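Take a look at the structure below.
The values are calculated or read from the model by the stated rules, or taken from the named source; none is laboratory data. The structure presented is a predicted model; accordingly, all values stated were derived computationally and were not measured. Neighbour counts are summed over all protein chains in view; Cβ atoms, including those assigned to glycine, are modelled from backbone coordinates with ideal geometry.
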């Protein structure tokens, strides 16, 4: 502030450099966020000119038993936990393998990464085709029962399908983060442990895994923020079905807002999602900070 | 020693087979995009008897592929250019100015990384409508400036702090100041992080779905590739050969670019994740 006060030209320059970004960010985040808070206190179908102010009624209704929202929250929690654990375990295992010196390493890394560059909506459609048409042919030619199950038609299987497809699409991303992490583990440290007689399993748990901690923190954080907002892949893979059992919170908000035209009510749910994400992120960052101090 | 080596080779062969199985769904998508309707229906895993390229010419015309490609390019380039420009100059200024106001602005700029898009999507749509930014590829490109800025600011800010102040001072002595100092001296030094930001943002904007769905889905002249594929599949739920063709046409540009820039892309994605 003091420095700026000294010269007008400096102030002007500061403004010219920072105002464009400030205006852009306020326009798409802060202003809409204020509007979101306002809409959440109204009843509005999007057609009438003026939303009707109803105070906290939307929130009362959501918390006093909105079955859709409860189911969607439960779905999202289950999905997030399983996704975070499975995608990270798989990526670490794959990274350990691909960190070894092999002739095909370059190909293998590229192969596992490719789905990550594809749009999730399209990935959902491709797998819908595989589950519906591809499995039929595969079942006929192999005779395996696994291909004859109704992977998108039965609630529990549809949940697993969504989980598998999400992991398929993104495991390559976590894989490359873990490979980068493994390459920073000093080779002589592993050698020293080998000389001391530590087996491969022991070496992994006492040396590699602790040194991978920063990569794990990043990956868990990314997996969490992505899984809590899961939407695209469900939209194209199951469309929320069968029987509305695979709606995530983000999809439920989309349904209420844009399909049922409950603008105020959907926005109230959106605000609850924001608070949930904020709380979870703050908790995660606190744990992250604490671990950094220890290291 | 010999058996150990043999074991390694067996293991490597196993991994290669695993990777091929991993990509098998993409392979099935490609071969079925080249089949006739009855062939898709009788056997999905068989290779096409003859290559039905007419699927491609049909879908190409039906969804107006060149137009979609142009739309995607306009949105991505406009969005990206804006993000790079406004974020780099602001991050530079904020990193160099050590005042309370500067800290506050920086905080306000990176805070939105915590706001999930679904929480504000309805209001963003209303805002875009009132500023006439909806239903236009240019408008959508401009909206990405704000959505992409927080992460870009965060990455640039961290990097600028590592550039010694003496560089600015000596440039000032040489008579450069303001925008000229930034673009002549500082911006070239940011090349590595700029590449990182370009890679993550191109992947994001090119493939983005929900924001384009709300903003430009109304007219076939403003749609993006992903949106067109989405609508197309909705209309052709049983004509899988066309649906698969549309899928291949939507993802092919990304795969081709990836094949050429594979190393840079992987590096950029890792750098972006580690810094973000």
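As an exercise: evaluate residue A:65 against (1) over 30 Å from residue B:241 (Cβ atoms); (2) part of a helix (DSSP H, G or I) and give the number of the one condition it does not meet.
Only one criterion is unmet by residue A:65, namely (2).
Got a number for residues in the range B:191-210 being touching a helix residue (DSSP H, G or I) at 6+ places or on another chain (Cβ under 7 Å), touching a residue at least 24 places away in the same chain (Cβ under 8 Å) and within 14 Å of chain A (Cβ to nearest Cβ)?
Matching residues across the range B:191-210 total 11.
Determine whether residue B:75 is under 12 Å from residue B:245 (Cβ atoms), crowded, with 18+ Cβ neighbours inside 10 Å and within 14 Å of chain A (Cβ to nearest Cβ).
Criteria not met by residue B:75.
Determine if the range B:80-99 includes at least one residue that is assigned by TED's automatic domain parsing to the domain that holds residue B:194, loosely packed, with under 15 Cβ neighbours inside 10 Å and modelled with pLDDT under 95.
So in the range B:80-99, the residues assigned by TED's automatic domain parsing to the domain that holds residue B:194 come out as B:80-99.
Next cut, loosely packed, with under 15 Cβ neighbours inside 10 Å only: B:81, B:98.
So of that shortlist, the ones also modelled with pLDDT under 95 come out as B:98.
Yes: one or more hits.
Across the range B:110-119, which residue is surrounded by the fewest Cβ atoms within 10 Å (Cβ to Cβ) among those that are more than 19 Å from the chain's Cα centre (by Cα) and more than 7 Å from chain A (Cβ to nearest Cβ)?
B:111
Confirm whether residue A:226 is within 23 Å of residue A:79 (Cα to Cα) and free of Cβ contacts under 8 Å to residues at least 12 places away in the same chain.
No, not satisfied.
Suppose the filter is out of contact with any strand residue (DSSP E or B) (no Cβ under 8 Å at 6 or more places or on another chain), without any contact (Cβ under 8 Å) to a residue 24 or more places away in the chain and more than 10 Å from every other protein chain (Cβ to nearest Cβ); does residue B:242 pass it?
Considered against the rule, which asks whether it is out of contact with any strand residue (DSSP E or B) (no Cβ under 8 Å at 6 or more places or on another chain), without any contact (Cβ under 8 Å) to a residue 24 or more places away in the chain and more than 10 Å from every other protein chain (Cβ to nearest Cβ), residue B:242 comes out as no.
Which one of these is modelled with pLDDT of 90 or more and surrounded by 14 or more Cβ atoms within 10 Å (Cβ to Cβ): A:279, A:230? Full working, then the answer.
Numbers: A:279 fails: surrounded by 14 or more Cβ atoms within 10 Å (Cβ to Cβ).
So the residue among A:279, A:230 that is modelled with pLDDT of 90 or more and surrounded by 14 or more Cβ atoms within 10 Å (Cβ to Cβ) is A:230.
I'd like to check something: does the range A:40-58 contain any residue that is modelled with pLDDT under 95 and facing chain B (nearest Cβ under 9 Å)?
Our first condition is that a residue be modelled with pLDDT under 95; within the range A:40-58, this holds for A:40-58.
Among the residues that remain, those that are also facing chain B (nearest Cβ under 9 Å) are: A:46.
So far as the range A:40-58 goes, yes, one or more of its residues are modelled with pLDDT under 95 and facing chain B (nearest Cβ under 9 Å).
Across the range A:71-96, what is the number of residues that are surrounded by fewer than 19 Cβ atoms within 10 Å (Cβ to Cβ), under 18 Å from residue A:170 (Cβ atoms) and within 14 Å of another protein chain (Cβ to nearest Cβ)?
2
I need the full set of residues from the range A:137-163 which are buried (at least 17 other Cβ atoms within 10 Å of the Cβ), part of a helix (DSSP H, G or I) and without any contact (Cβ under 8 Å) to a residue 60 or more places away in the chain, in order please.
A:137, A:138, A:147 - these are the residues of the range A:137-163 that are buried (at least 17 other Cβ atoms within 10 Å of the Cβ), part of a helix (DSSP H, G or I) and without any contact (Cβ under 8 Å) to a residue 60 or more places away in the chain.
Please count how many residues of the range B:178-190 are within 14 Å of chain A (Cβ to nearest Cβ) and either without any contact (Cβ under 8 Å) to a residue 60 or more places away in the chain or in contact with a strand residue (DSSP E or B) (Cβ under 6 Å, 6 or more places away or on another chain) (or both).
4
Kindly list the number of the only condition in (1) under 13 Å from residue A:125 (Cα atoms); (2) without any contact (Cβ under 8 Å) to a residue 60 or more places away in the chain; (3) more than 10 Å from every other protein chain (Cβ to nearest Cβ); (4) in contact with a helix residue (DSSP H, G or I) (Cβ under 9 Å, 6 or more places away or on another chain) that fails for residue B:233.
(3)
So, restricting to helices (runs of 4 or more DSSP H) that lie completely within the range B:140-218, which ones have at least 3 residues that are under 23 Å from residue B:253 (Cα atoms)?
B:191-207, B:210-216
Within the range A:188-224, work out how many residues are under 30 Å from residue B:200 (Cβ atoms) and part of a helix (DSSP H, G or I).
So the answer is 16.
Rundown of residues vs (1) surrounded by fewer than 16 Cβ atoms within 10 Å (Cβ to Cβ); (2) modelled with pLDDT under 90, yes/no style:
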{"position": "B:198", "(1), (2)": "no, no"}
{"position": "B:201", "(1), (2)": "no, no"}
{"position": "B:210", "(1), (2)": "no, no"}
{"position": "B:225", "(1), (2)": "no, no"}
{"position": "B:242", "(1), (2)": "no, yes"}
{"position": "B:245", "(1), (2)": "no, no"}
{"position": "B:249", "(1), (2)": "no, no"}
{"position": "B:260", "(1), (2)": "yes, yes"}
{"position": "B:274", "(1), (2)": "yes, yes"}
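Cβ-Cβ under 8 Å, sequence separation 6+ or interchain: first residue in the range A:200-222 and on the phi > 0 side of the Ramachandran plot, partner surrounded by 14 or more Cβ atoms within 10 Å (Cβ to Cβ) and not in a helix (DSSP H, G or I). Which pairs?
That search, which allows pairs on different chains as well, returns nothing.
Check the range B:169-177 and report whether any residue there is surrounded by fewer than 21 Cβ atoms within 10 Å (Cβ to Cβ) and at the interface with chain A (Cβ under 10 Å from one of its Cβ atoms). Don't jump to the end; show me each part of the working.
First, pick out the residues of the range B:169-177 that are surrounded by fewer than 21 Cβ atoms within 10 Å (Cβ to Cβ): B:169-177.
The next check asks that each one be at the interface with chain A (Cβ under 10 Å from one of its Cβ atoms); those that pass are B:177.
Yes.
Out of all the residues in the range B:90-109, which are under 18 Å from residue B:164 (Cα atoms) and more than 9 Å from chain A (Cβ to nearest Cβ)? Walk me through how you get there before you give the answer.
At the first step, the residues of the range B:90-109 found to be under 18 Å from residue B:164 (Cα atoms) are B:90-98.
Within the range B:90-109, B:95, B:96 meet the criteria.
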